[in-house]
1. For L27, indicate whether it is touching a helix residue (DSSP H, G or I) at 6+ places or on another chain (Cβ under 6 Å) and either at pLDDT below 90 or surrounded by 10 or more Cβ atoms within 10 Å (Cβ to Cβ) (or both).
2. Starting from residues that are of a type in the set (F, W, Y) and buried (at least 19 other Cβ atoms within 10 Å of the Cβ), keep the ones in the range 75-113 and report whichever is nearest to the chain's Cα centre (by Cα).
3. Search the range 306-326 for residues being touching a residue at least 40 places away in the same chain (Cβ under 8 Å) and farther than 13 Å from Q133 by Cα, and hand back the single one that is most open to solvent (accessible area, probe 1.4 Å).
4. Restricting attention to the range 197-219, which residues are in contact with a Leu (Cβ under 9 Å, 6 or more places away or on another chain) and either under 25 Å from F116 (Cα atoms) or at pLDDT below 90 (or both)?
5. Identify the residue in the range 217-253 that is within 22 Å of the chain's Cα centre (by Cα) and hydroxyl-bearing (S, T, Y) and, among all such residues, is least open to solvent (accessible area, probe 1.4 Å).
6. Are any residues in the range 50-63 open to solvent by less than 40 Å² (accessible area, probe 1.4 Å) and part of a loop (DSSP other than H, G, I, E, B), and if so, which ones?
7. Of the residues that sit in the range 366-386 and are surrounded by fewer than 24 Cβ atoms within 10 Å (Cβ to Cβ) and within 16 Å of the chain's Cα centre (by Cα), which one is farthest from D322 (Cα to Cα)?
8. Name the single residue, out of those in the range 338-365 being open to solvent by less than 60 Å² (accessible area, probe 1.4 Å) and not in a helix (DSSP H, G or I), that is modelled with the highest pLDDT.
Amino acid sequence: MFEIFADSVQTIVSKSGFLNLTGGQALMILVSFVLMYLAIRKGFEPLLLPIAFGMLLTNLPMAGMYHPEIFINDTGHIAWEMLANGGGLLDYLYLGVKLGIYPPLIFLGVGCMTDFGPLIANPKSFLMGAAAQLGIFLAFFGALALGFTPAEAGSIGIIGGADGPTAIFTTTQLAPHLLGSVAIAAYSYMALVPIIQPPIMKLLTTKKARAVRMEQLRPVSKLEKIVFPILVAILVSFLVPDTAPLIGMLMLGNLFRESGVVDRLNKTAQNELMNIVTIFLGVTVGATASAERFLTPQTLGIIVLGLIAFAFGTAGGVLLGDLMYVLSGGKINPLIGSAGVSAVPMAARVSQKVGQKENPTNFLLMHAMGPNVAGVIGSAVAAGVLLSILK
């Protein structure tokens with residue numbers, strides 16, 4: 001009887017995490033603590049919290065919650081037999097990422113919360129949103145120069161759009177082994193928008209231009225707001241079919257909002273549904289950041305290139321804003337160009353804050369929302385272009 005008890009204790013101890021913890025796993029657990037601290041204590045991007053906890057769960061020794069070999073293998077397809085026989089909780093939740101389900105559902109909720117009125121009232125905002133995608137393609141070529149494959153370079157470049165769901169959607173199709181690094185970089189830089197953007201904005205604009213007060217936007221009719229999402233969904237999907245899942249769901253959500261006839265669906269999409277999907281998306285994306293995949297020289301390169309992409313995306317929007325300031329005879333404040341990255345609505349708020357420092361009577365928020373929501377569309381289109389070329 002004593003021998004049976006001793007053998008049982010020995011088996012339990014040998015299978016415990018304490019004896020099987022590797023140095024890499026310990027380091028990744030510490031990294032997850034840092035990310036949780038930044039999310040909770042410092043108020044960084046909230047989605048860093050589930051991502052960090054997913055990172056913690058995947059690096060717990062012997063827990064068996066996520067098995068990357070099910071999704072990243074020689075066949076390039078999901079190993080359904082392995083999933084059925086030994087899949088963990090996070091393996092099943094990760095299907096929503098691998099199959100491209102979660103990001104479009106996030107876009108559905110974003111569409112329900114977004115007012116495209118400022119963009120419709122000032123169509124020139126589309127140009128700023130397009131210019132802010134400059135960083136995506138600069139980082140793409142930079143990644144190629146550093147030895148990344150074209151597919152990996154596309155996944156890294158999309159960080160410059162400052163759009164987490166788009167970055168995840170693109171990376172799962174082009175370079176799923178980089179998902180953890182790309183997602184953490186994307187959401188970290190989204191959180192750092194108020195720190196990264198102002199110095200770039202001030203460097204590329206004059207004090208006089210930053211103080212410009214823009215005229216009030218014209219009222220937008222309900223008919224325009226209803227036609228807009230339908231028209232954009234058709235045109236963009238015809239031009240870049242690979243972006244149809246993202247743009248289609250974004251515009252469906254906006255149609256829910258503007259039609260006024262499906263209030264219950266609108267509230268559900270932007271609250272309960274989006275919250276549930278965000279939890280699943282964050283935890284499972286964090287789960288891909290295992291020690292053996294995250295602790296590589298590639299990760300450092302991704303973080304640096306992501307920062308470059310985001311900085312040049314901001315610069316691209318501001319520089320086009322400078323050009324429009326000149327062409328308009330000083331009627332357009334170039335600061336709103338920085339909102340062309342799709343960190344909604346944080347980037348627009350930064351434009352407002354920097355503008356008010358130069359002119360306390362200035363109110364740029366609604367003007368900046370035009371390029372901001374154009375950036376959401378622009379980053380999705382850029383992702384579609386990369387997917388159509390590289391997939």
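The values are calculated or read from the model by the stated rules, or taken from the named source; none is laboratory data. Keep in mind that this is a model prediction, so the values were computed, not measured. Here the Cβ positions follow ideal geometry from the backbone for every residue, glycine too, while neighbour counts run over all protein chains shown. For accessibility, only protein heavy atoms count, side chains too; no ligands or nucleic acids. Shrake-Rupley method; radii C 1.70, N 1.55, O 1.52, S 1.80 Å.
1. Values: touching a helix residue (DSSP H, G or I) at 6+ places or on another chain (Cβ under 6 Å): no; either at pLDDT below 90 or surrounded by 10 or more Cβ atoms within 10 Å (Cβ to Cβ) (or both): yes.
It is false that L27 is touching a helix residue (DSSP H, G or I) at 6+ places or on another chain (Cβ under 6 Å) and either at pLDDT below 90 or surrounded by 10 or more Cβ atoms within 10 Å (Cβ to Cβ) (or both).
2. In the first step, residues of the range 75-113 are kept if they are of a type in the set (F, W, Y); the result is 80, 92, 94, 102, 107.
Among the residues that remain, those that are also buried (at least 19 other Cβ atoms within 10 Å of the Cβ) are: 94, 102, 107.
On the way: Y94: 17, Y102: 12, F107: 11 Å.
Taking the candidates together, the pick is F107.
3. Within the range 306-326, the first condition is being touching a residue at least 40 places away in the same chain (Cβ under 8 Å), and the residues that meet it are 306-322, 324-325.
Applying the additional criterion that residues be farther than 13 Å from Q133 by Cα yields 307, 321-322, 324-325.
Working: L307: 73, G321: 0, D322: 32, M324: 19, Y325: 45 Å².
Applying the filter and picking the extreme gives L307.
4. M201, R210, V212, R213, M214
5. Narrowing the range 217-253 to residues within 22 Å of the chain's Cα centre (by Cα): 229, 232-233, 236-237, 240-253.
Narrowing further to those that are hydroxyl-bearing (S, T, Y): 237, 243.
Working: S237: 31, T243: 1 Å².
Top of the filtered list is T243.
6. Initially, the range 50-63 is screened for residues open to solvent by less than 40 Å² (accessible area, probe 1.4 Å), giving 50-52, 54-59, 61.
Within the range 50-63, N59, P61 qualify.
7. Taking the range 366-386 first, the residues surrounded by fewer than 24 Cβ atoms within 10 Å (Cβ to Cβ) are 366, 377, 381, 385.
Still in the list and also within 16 Å of the chain's Cα centre (by Cα): 377, 381.
On the way: I377: 22, V381: 24 Å.
Step by step, filter the range 366-386, then rank; the result is V381.
8. So, considering only residues that are open to solvent by less than 60 Å² (accessible area, probe 1.4 Å) and not in a helix (DSSP H, G or I), the one modelled with the highest pLDDT is L364.
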